[in-house]
Every structure is written in C-alpha cells, then in structure tokens.
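Each remark here refers to the structure printed beneath this line.
The values are calculated or read from the model by the stated rules, or taken from the named source; none is laboratory data. What you see is a predicted model; the values in this text were computed from it and never measured. Cβ sites come from the backbone with ideal geometry, for glycine too, and all protein chains shown count toward neighbours.
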Amino acid sequence: MEPILSRNFNVKDAWTLPVAESRGAYQTARKVLTSMKPEDVTAAVVASNLRGLGGAGFPTGKKWQFLPKDSPKPVYLVVNADEGEPGTFKDRYILERDPHQLIEGILISAFAIKSRKAYVYVRGEYAEPYRRLQSALDEAAAKNYLGKNIFGTGFNLEIVAHRGAGAYICGEETALLNSLEGGKGYPRLKPPFPAVVGLFGCPTIINNVETLACVPPILKNGAGWFAGLGSPGNGGTRLFSVSGHVKKPGVYELPMGTPLREIIYAHAGGLRGGRALKAVIPGGISAKILTANEIDVKMDYDSLKAAGTMLGSAGVIVMDDTASIVKALYYAAKFFAHESCGQCSPCREGTGWAYKIVRRIYRGEGSLKDLDTLLALAKNMEGRTICVFADAAAWPIQSYITKFRKEFEEHINNKHEARISKFETISKF
C-alpha cells in the first residue's frame with residue numbers, strides 16, 4: 001500500500017511550503033473550493049466511512065451534519081492537537097513533518113461546514129510541533145491559502161494555533177473548549193453538544209489532527225477509494241504508534257483492520273531479543289489490555305470493541321515476558337490520579353484511592369483483599385462522571401487484575417518490594 005498520511009514524513013523539509021507545494025499541497029483544496037458545494041464535501045466524507053481518529057471513533061461526516069442549519073451564530077472548527085494519551089505520538093508526526101497536509105484538511109473541512117475561523121489546540125509540551133505548525137500557517141497566509149477571498153472564491157478562513165498548558169483532560173473536547181475560552185479545563189455536561197453550543201456558545205465541530213489530515217486524500221481520490229482501503233464501517237488507513245518491547249518502534253500507516261499480530265511481528269519487527277509476548281495495550285493506556293493469546297484481532301473500532309477493548313488513539317504498547325504487570329498498573333494508576341481534573345467526586349476520589357492501593361501493592365505491602373477492593377472501586381467509577389476519564393482510569397485496573405491476577409497474587413504473597421523514588425510520587429498523596 002502506498003502511504004497516504006505519511007507519504008511526506010521522510011521527505012526533507014516537507015514541513016515548508018515550497019516542498020509541500022511540490023508534493024501537491026493545496027491543489028485539492030483549490031479544486032474543492034472552486035468546483036464543489038459544501039454539502040457535496042460533507043456527503044463525500046460521510047460516504048468515505050472516515051471516523052474520528054482521536055479515540056472516540058464517531059463518524060466524521062455525521063458529526064458535521066449535526067450542525068444546526070439555521071443558526072445566526074458563527075460556526076467554529078476546532079482541531080484537537082492535545083495528544084496526551086500515553087503511548088500515542090502519531091499527531092506529532094503530522095504537525096512536525098507535514099503540517100500543510102493538516103492545514104489543507106482544515107481549509108476543506110471549514111469550507112464544508114461554512115466556518116470562517118478555526119483553532120488548533122496544541123498540547124503544551126509540543127514546542128517544536130507548535131513552532132512548525134505556526135510557521136506553516138504563516139506561509140499559507142502569505143500565499144493566500146488562508147485569509148480573505150481564498151482562490152478568488154470569496155471564502156475567508158483564519159486559523160489560530162493555541163497552545164495548551166499540559167493538561168491531559170484538555171484532550172476531552174469540552175474541557176478543551178473551556179480551556180480555549182480562557183477557563184479551567186473542566187469537561188461540560190452534554191447535552192447540549194458542541195455542534196449546537198460549543199466555543200463561545202456557538203455551533204462548533206471538534207476534530208482530531210489525523211482525522212482532518214485524511215480529508216484532502218478523500219476529496220482527491222474519492223470516497224469509495226478511501227472506504228475500500230479499510231474494513232467495513234472503518235474507512236481508510238490509520239497511523240499506529242507502536243512502542244514498548246519491539247525491535248522497531250515507530251509510527252506505521254496501515255489499513256484500518258490490519259491484524260494486531262501483523263503490526264507487531266511484520267511491521268514492528270517482532271519482540272526484542274526474540275523474547276515471548278506477554279501483553280499488548282492496543283489503543284493507548286486507557287484501553288483494556290490484551291494477552292498474548294488475544295492478538296489475532298483486527299485493529300479497527302468494531303473488532304476491538306467486540307474483543308472487549310478499544311482502538312482508541314491506536315497507541316500500541318507491547319510488553320514481553322520480562323514486563324511486570326503490577327508495575328505497569330502502578331504507572332497507569334499514578335498517571336490517572338495525577339491528571340484527574342477533580343471536578344467529579346467519583347473520579348477525583350476514585351483515582352486517588354486506586355493509586356494509593358496500587359502503590360501499596362507495588363511496594364510489597366498489599367493484601368489479597370486489595371485486589372477485590374480495586375475491582376469494586378473501578379466498577380463504581382464507571383458511568384458516574386461528566387466525562388469518561390473515570391472510566392478510562394477504571395479499565396486498566398479491571399483488565400490488568402482480571403487477566404493477570406495470579407501475577408498480582410504472587411507479588412503480594414511473596415511481598416516483592418519495589419523501591420519508589422520520591423520523584424515518582426504525587427505530592428497530594
């Protein structure tokens with residue numbers, strides 16, 4: 001398969017406009033704006049089976065269709081570049097190596113939803129990706145790919161790059177909106193949904209970086225072509241961030257529905273040192289873990305849901321037989337306790353409590369009763385909060401303990417001690 005999203009990743013200076021133009025940048029946008037109607041663009045995205053590639057997997061074109069048809073308010077397009085999911089680094093590649101592909105996707109998408117202003121909310125830690133994105137925006141504006149009367153069509157678009165302050169919760173779309181407005185990154189109650197009441201109280205579409213980068217290829221090559229690349233209901237390709245105990249960690253662009261086993265052994269080179277596979281997290285740290293016997297599964301939203309986990313951000317974290325699942329859960333629990341925004345009691349108290357119990361187990365001071373306490377705690381965190389952060393914190397607890405309970409029991413019974421540096425603790429605990 002010829003690369004689509006990653007075709008410029010290894011091209012020297014592809015993040016600059018002259019090189020991007022030589023590779024075809026903005027040609028599709030010119031064709032779309034000068035020869036198509038907004039509703040035709042939306043129809044193509046619907047037919048392509050493009051789904052949200054930030055984690056939720058909601059059909060992109062369908063989301064666009066939720067915008068009210070008769071609202072007198074301006075429509076905003078917000079790009080979620082707050083890539084904070086551990087094990088995930090694919091949006092960073094787009095921002096650093098081919099930002100003009102994203103900008104062209106924003107331009108076409110804004111035209112489709114009749115938006116005149118877009119914001120790109122960039123993760124605070126992404127200093128170099130932000131710098132390159134801003135440089136690309138300046139280049140595009142200077143060439144009148146952005147601004148007023150683009151391509152002589154009368155369509156205007158301004159894109160603003162906005163840096164976050166490093167809060168994982170701001171990857172949740174409504175927390176992102178609050179942060180973008182200058183408030184605290186607290187998720188909002190839904191409904192109303194952002195498509196109706198979003199940024200500054202106006203209709204707003206929020207899409208992920210990778211999602212919008214798919215829009216130009218769809219309009220260039222056709223919706224049927226894109227839908228045919230993936231599996232049923234999951235169109236196109238996916239950028240899989242592969243890390244952990246593999247020989248060749250990195251970002252791999254593969255068709256949606258590529259088997260997990262193929263990703264690990266054919267593309268990432270198999271496990272380092274020829275060791276045995278122990279476990280895989282298929283979609284970022286929030287996803288429920290899979291054992292070595294469960295990797296014959298297609299990497300798309302529907303197949304992984306049927307397998308009891310999720311594709312999420314497509315961050316594939318591979319663990320060999322030297323990995324400690326107890327240690328892995330310790331770091332996951334620590335992460336979620338640190339990143340909870342604290343707005344909802346079940347999440348604020350639950351993540352903190354879970355972290356303290358897991359830390360006790362990890363240090364060799366736990367009891368077997370702690371395992372059942374953790375499972376009960378995780379169950380009571382699910383579905384009781386404004387956003388799904390508490391659920392995401394509960395899923396690793398449930399799957400790690402359920403699938404590797406013997407390892408936890410052995411760790412507890414033999415009182416394995418793990419030294420924890422003072423720099424690894426969270427001050428509030």
*How many residues, within segment 309-339, are within 19 Å of the chain's Cα centre (by Cα), surrounded by fewer than 23 Cβ atoms within 10 Å (Cβ to Cβ) and either in a loop (DSSP other than H, G, I, E, B) or at pLDDT below 95 (or both)?*
2
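Pick from R92, R132, R97, R123: which is in contact with a Gly (Cβ under 8 Å, 6 or more places away or on another chain) and not assigned by TED's automatic domain parsing to the domain that holds L254? It would help to see each step written out before you state the result.
Details: R92 fails: in contact with a Gly (Cβ under 8 Å, 6 or more places away or on another chain); R132 fails: in contact with a Gly (Cβ under 8 Å, 6 or more places away or on another chain); R97 fails: in contact with a Gly (Cβ under 8 Å, 6 or more places away or on another chain).
Residue meeting the stated conditions: R123.
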_Name the residue that is farthest from the chain's Cα centre (by Cα), counting only residues in segment 48-88 that are surrounded by fewer than 20 Cβ atoms within 10 Å (Cβ to Cβ) and among the aromatic types (F, W, Y)._
F66
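Can you tell me which residues in segment 340-366 are assigned to a loop (DSSP other than H, G, I, E, B), at negative phi and without any contact (Cβ under 8 Å) to a residue 60 or more places away in the chain? Explain how you work it out, then say what you get.
Taking segment 340-366 as the starting set, the residues that turn out to be assigned to a loop (DSSP other than H, G, I, E, B) are 340-344, 363-366.
Adding the requirement that they be at negative phi leaves 340-341, 343-344, 363, 365-366.
Correct list: C344, R363, E365, G366.
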*If only one of K369, K415 is touching a residue at least 12 places away in the same chain (Cβ under 8 Å) and farther than 26 Å from P282 by Cβ, which one is it?*
K415
_Going residue by residue through segment 261-271, is there one that turns out to be surrounded by fewer than 23 Cβ atoms within 10 Å (Cβ to Cβ) and part of a strand (DSSP E or B)?_
yes
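Test T42 against the criterion of being among the hydroxyl-bearing types (S, T, Y), surrounded by 16 or more Cβ atoms within 10 Å (Cβ to Cβ) and assigned to a helix (DSSP H, G or I), and give yes or no.
On the way: among the hydroxyl-bearing types (S, T, Y): yes; surrounded by 16 or more Cβ atoms within 10 Å (Cβ to Cβ): yes; assigned to a helix (DSSP H, G or I): yes.
So T42 fits the description; yes.
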*Considering segment 89-107 alone, what residues qualify as being surrounded by fewer than 24 Cβ atoms within 10 Å (Cβ to Cβ) and either more than 25 Å from G312 (Cβ to Cβ) or out of contact with any Phe, Trp or Tyr (no Cβ under 8 Å at 6 or more places or on another chain) (or both)?*
F89
*Just one of (1) more than 28 Å from I281 (Cα to Cα); (2) surrounded by 22 or more Cβ atoms within 10 Å (Cβ to Cβ) trips up V160, so point out which.*
(2)
*asked:* Which pairs turn up if I take residues in segment 1-19 that are touching a residue at least 12 places away in the same chain (Cβ under 8 Å) and look for partners that are of a type in the set (D, E) and assigned to a loop (DSSP other than H, G, I, E, B) with beta carbon separation below 7 Å, at least 6 apart in sequence or on another chain?
replied: N8/D98; F9/D98; A14/D98; W15/D98
*If you take the residues in segment 53-84 that are touching a residue at least 60 places away in the same chain (Cβ under 8 Å) and out of contact with any helix residue (DSSP H, G or I) (no Cβ under 9 Å at 6 or more places or on another chain), which one is farthest from G171 (Cα to Cα)?*
S71
*asked:* Looking at (1) crowded, with 16+ Cβ neighbours inside 10 Å; (2) among the small types (G, A, S); (3) part of a helix (DSSP H, G or I), which one does A376 not meet, given that it meets all the others?
replied: (1)
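Which one of A29, A118, A110, A56 is assigned to a loop (DSSP other than H, G, I, E, B) and either in contact with a strand residue (DSSP E or B) (Cβ under 9 Å, 6 or more places away or on another chain) or at pLDDT below 95 (or both)? Walk me through how you get there before you give the answer.
Values: A29 fails: assigned to a loop (DSSP other than H, G, I, E, B); A118 fails: assigned to a loop (DSSP other than H, G, I, E, B); A110 fails: assigned to a loop (DSSP other than H, G, I, E, B).
Answer to the selection: A56.
Going by the structure shown, is N49 in contact with a Leu (Cβ under 9 Å, 6 or more places away or on another chain) and of a type in the set (S, T, N, Q)?
Considered against the rule, which asks whether it is in contact with a Leu (Cβ under 9 Å, 6 or more places away or on another chain) and of a type in the set (S, T, N, Q), N49 comes out as no.
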*Please work out which residue is surrounded by the fewest Cβ atoms within 10 Å (Cβ to Cβ), limiting yourself to segment 379-414 and to residues that are of a type in the set (V, I, T) and part of a helix (DSSP H, G or I).*
T402
